Structures are given as structure tokens and as C-alpha cells.
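A.B. asks: My structure is below; once you've seen it, I'll send some questions.
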Amino acid sequence: MMPKITISTPKEAAMGLTGSWRTFRPVVNREACNRCGICAMYCPDAVIDQDTMEIDLVYCKGCGICSNECPKKCIEMVREEH
Ligand code: SF4
Ligand code: SF4
């Protein structure tokens, strides 16, 4: 099996924080998810835990790549309510 590596890692400084500008947030349908880890592998901010599939919304930018790449289509992008 291919190792699950991420393209980048989130920055530790405040500049890595997302703040309140995100328009959509990813929500995982846990009943449909088979924990294949593809979403975590593609997330450019490396904010999806590869074991639990928990998404760290402090760093998530809402780009939707995880939702687009999920083969089971079980990540829905939901509009943020500000
Ligand atoms: S890509 Fe989809 S099915 Fe695979 S771990 Fe992520 S949410 Fe689950
Ligand atoms: S929306 Fe983008 S930044 Fe957020 S978890 Fe998905 S791929 Fe990562």
C-alpha cells in the first residue's frame, strides 16, 4: 500500500490560522466513509487526521479539494454561517 503522505503541513505561526473568512466547511459523512485516507493525502493544509478523519477547522481553508477527491463522495461542503 502506498504511504499516506501530505503535500504540505500547516504553519505553526498565526499566519496559518484560517480566521473567519472561510465560506464553506467540509463535513464528513462518517457512515459512508471507509477511512481510505485519500482526503487526508490531498488536503494542501494537512489538517485531516489520517487515523480519525477529524478535520482541524482552525486551519482548514475550505478549499473543497478533500470533497472533490473523496471516491465515496462523503464529504459535503457546507456554507459557513457568519
Ligand atoms: S476520502 Fe472519503 S472515504 Fe476516504 S477517508 Fe476521506 S472522507 Fe473517508
Ligand atoms: S477543505 Fe481544503 S483545507 Fe479543508 S480539509 Fe478539505 S482539503 Fe483540507
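The values are calculated or read from the model by the stated rules, or taken from the named source; none is laboratory data. As the structure is a prediction and not an experimental result, all values here were calculated from the model. Backbone-built Cβ (ideal geometry, glycine too); neighbour counts: all protein chains shown.
A.B. asks: What number of residues within segment 43-60 satisfy the criterion of being more than 13 Å from ligand 1 (Cβ to nearest atom) and over 10 Å from R25 (Cβ atoms)? I'd like the intermediate steps shown before the answer.
C.D. replies: Going through segment 43-60, the residues more than 13 Å from ligand 1 (Cβ to nearest atom) turn out to be 44-46, 56-60.
Then keep just the ones that are over 10 Å from R25 (Cβ atoms); that gives 44-46, 56, 58-59.
The qualifying residues number 6.
A.B. asks: Name the residue that is modelled with the highest pLDDT, counting only residues in segment 50-65 that are more than 15 Å from R22 (Cα to Cα) and touching a strand residue (DSSP E or B) at 6+ places or on another chain (Cβ under 8 Å). I'd like the intermediate steps shown before the answer.
C.D. replies: Here is the first cut: in segment 50-65, the residues more than 15 Å from R22 (Cα to Cα) are 50-54.
The next check asks that each one be touching a strand residue (DSSP E or B) at 6+ places or on another chain (Cβ under 8 Å); those that pass are 53-54.
Numbers: M53: 90, E54: 94.
The qualifying residue modelled with the highest pLDDT is E54.
A.B. asks: Ok, one more. Here are the criteria: (1) at pLDDT below 75; (2) of a type outside the set (A, V, I, L, M, F, W, C); (3) loosely packed, with under 11 Cβ neighbours inside 10 Å. Tell me which single one P10 does not satisfy.
C.D. replies: Just one mismatch for P10, condition (3).
A.B. asks: Something else now. Working only within segment 69-82, note down all residues that are surrounded by fewer than 18 Cβ atoms within 10 Å (Cβ to Cβ) and under 22 Å from G16 (Cβ atoms). Before the answer, list the steps.
C.D. replies: Here is the first cut: in segment 69-82, the residues surrounded by fewer than 18 Cβ atoms within 10 Å (Cβ to Cβ) are 69, 71-74, 76-82.
E69, M77, E80, H82, listed by residue number.
Here is a yes/no grid of residues against (1) in contact (Cβ under 8 Å) with a residue 40 or more places away in the chain; (2) assigned to a loop (DSSP other than H, G, I, E, B):
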residue: V58; (1), (2): yes, yes
residue: C63; (1), (2): no, yes
residue: K72; (1), (2): yes, yes
residue: E76; (1), (2): yes, no
